[in-house]
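As structure tokens, the structure follows; a few thoughts come after it.
The values are calculated or read from the model by the stated rules, or taken from the named source; none is laboratory data. Because the structure is a prediction, the values reported are computed rather than measured. Cβ sites come from the backbone with ideal geometry, for glycine too, and all protein chains shown count toward neighbours. SASA here: full protein model, heavy atoms, side chains in, ligands and nucleic acids out. Shrake-Rupley method; radii C 1.70, N 1.55, O 1.52, S 1.80 Å.
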Amino acid sequence: MSRVKPVPSLLAAFALLASVAACGAEVDLAKTNFSRSTIPAAESSGGSSGSGVPEGKPVDPAFAPDRLRKVDPCGVIDAEQVAELGEAGAPTATGYDECSVTLRKDGKTSSIKVELGINMLLESKRLTKDVGGLKADQSVNQTFCDHKIMVQEGAYSLGIGVSLRTEAANRCDLSNKAGAAVINRIKSNPPQRNAESGVLAQIDTCTVLDQIALAEVLTNVPSIFPWRLHQCSWRRTDGLSLKINLSVETNPKNAKGSFAPEEVKVDDSLTVYKKYSDTSHPRCEISWPYRTTEGTKAEVVLVEVTNVPNTAGYDACGKAIGVVKALKAKFPKV
């Protein structure tokens, strides 16, 4: 990964990450060639270079973001490590990177959840435990024990979360044991996603757009701020920002009630769903159901443009729809 200068200040990083967190949420992948464009070096206060993505150093090549995006999160859970908690049910995937398994014994229910590619900005200062030979943060109370394991250090830090929900007295030992099994499985023989788990799962949201498409929204393209594995934001010093997020969630076309988005037919081949607000500054959220999956779920592309400086005549929704059109041209046709 390209080397870059440090993020300007921890305070700025916290402010941006807080705003990002507040705003978000067929084809054989092994044979699919995604069309990508690397973003050249940009003028920015963040001092990015090369691809512009902040520097991250995987603790092992197996944990590099491009590799983690290929891993099946359900496949890395070894329920045998917590077999004393009961019989394991079928794994349940949530989004691209999360999976959980429920265990039942003697009328009691426990669960284990694994999340790939979690952000580790806060936890990087609390790595007092060892899980599978890697540094980890541990959180515990009477009903759970969680481990967040550092797998990529640097400005773009990533981890793997292992959460065990149980009242068993040895819950932290079990969580540690399960986490070590996850780490070893990813390092030795990581299970790969199947064709149905997500056509867009391997897309790098920070590099999929070219400089021209970004400049159309931001003029002078600022620093890049990746969040986990499937979200990326660009934020100018005056607050004008763009966010792209990929996920598997409820299809926006099925949303009901007062919070349902407005349907917008862009052309015969593209229908998107819009949420607009201007309480303090104009913000437009465009959701595009790229591909229907199971039931009411879909792979959803979310593009958000926020006009913090309240620039007159700036069409936030028009800019966001323009980004969706650019992404549509890049993504595999389904």
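Looking for whichever is within 30 Å of Gly154 (Cβ to Cβ) and in a strand (DSSP E or B) here; the options are Trp234, Trp288. Which one fits? Quick ask: steps written out before the conclusion?
Working: Trp288 fails: within 30 Å of Gly154 (Cβ to Cβ).
Only one candidate qualifies: Trp234.
Identify all residues within segment 121-156 that are over 20 Å from Cys172 (Cα atoms) and at pLDDT 95 or above; write none if there are none.
Gln152, Glu153
State yes or no: is Ala169 open to solvent by 50 Å² or more (accessible area, probe 1.4 Å) and part of a loop (DSSP other than H, G, I, E, B)?
Considered against the rule, which asks whether it is open to solvent by 50 Å² or more (accessible area, probe 1.4 Å) and part of a loop (DSSP other than H, G, I, E, B), Ala169 comes out as yes.
When you look at Val248, is it among the aliphatic types (A, V, I, L, M) and in contact with a strand residue (DSSP E or B) (Cβ under 6 Å, 6 or more places away or on another chain), yes or no? First the steps, then the outcome.
Details: among the aliphatic types (A, V, I, L, M): yes; in contact with a strand residue (DSSP E or B) (Cβ under 6 Å, 6 or more places away or on another chain): yes.
The answer is yes for Val248.
How many residues does segment 157-172 contain that are under 19 Å from Lys108 (Cα atoms) and at pLDDT 95 or above?
So in segment 157-172, the residues under 19 Å from Lys108 (Cα atoms) come out as 163-172.
Those still in the list that are at pLDDT 95 or above too: 163-166, 168-172.
Within segment 157-172, residues that are under 19 Å from Lys108 (Cα atoms) and at pLDDT 95 or above number 9.
Within the group Thr237, Thr250, Thr207, which residue is in contact with a Ser or Thr (Cβ under 7 Å, 6 or more places away or on another chain) and closer than 14 Å to Ala326 by Cα? Walk me through it before giving the result.
Working: Thr237 fails: closer than 14 Å to Ala326 by Cα; Thr250 fails: closer than 14 Å to Ala326 by Cα.
Only one candidate passes the filter, namely Thr207.
Condition check: at pLDDT 95 or above and not polar (S, T, N, Q). Does Lys265 satisfy that?
The answer is yes for Lys265.
Taking the conditions exactly as written (closer than 18 Å to Ala320 by Cα, modelled with pLDDT of 95 or more, out of contact with any Pro (no Cβ under 7 Å at 6 or more places or on another chain) and of a type in the set (Val, Ile, Thr)), does Val221 satisfy them or not? Step through it out loud before you land on a result.
Working: closer than 18 Å to Ala320 by Cα: yes; modelled with pLDDT of 95 or more: no; out of contact with any Pro (no Cβ under 7 Å at 6 or more places or on another chain): yes; of a type in the set (Val, Ile, Thr): yes.
Considered against the rule, which asks whether it is closer than 18 Å to Ala320 by Cα, modelled with pLDDT of 95 or more, out of contact with any Pro (no Cβ under 7 Å at 6 or more places or on another chain) and of a type in the set (Val, Ile, Thr), Val221 comes out as no.
State which residue is farthest from Lys330 (Cα to Cα) when the search covers only segment 208-252 and only residues that are open to solvent by 20 Å² or more (accessible area, probe 1.4 Å) and of a type in the set (D, E, K, R).
Looking at the filtered set, the residue picked out is Asp238.
Answer yes or no: is there a residue in segment 55-73 that is open to solvent by less than 40 Å² (accessible area, probe 1.4 Å), within 16 Å of the chain's Cα centre (by Cα) and within 12 Å of Lys113 (Cβ to Cβ).
yes
Identify the residue in segment 181-198 that is aliphatic (A, V, I, L, M) and closer than 14 Å to Phe63 by Cα and, among all such residues, is surrounded by the most Cβ atoms within 10 Å (Cβ to Cβ).
Out of the qualifying residues, it is Val182.
Find the residue count for segment 254-276, including only residues that are open to solvent by 40 Å² or more (accessible area, probe 1.4 Å) and part of a strand (DSSP E or B).
9
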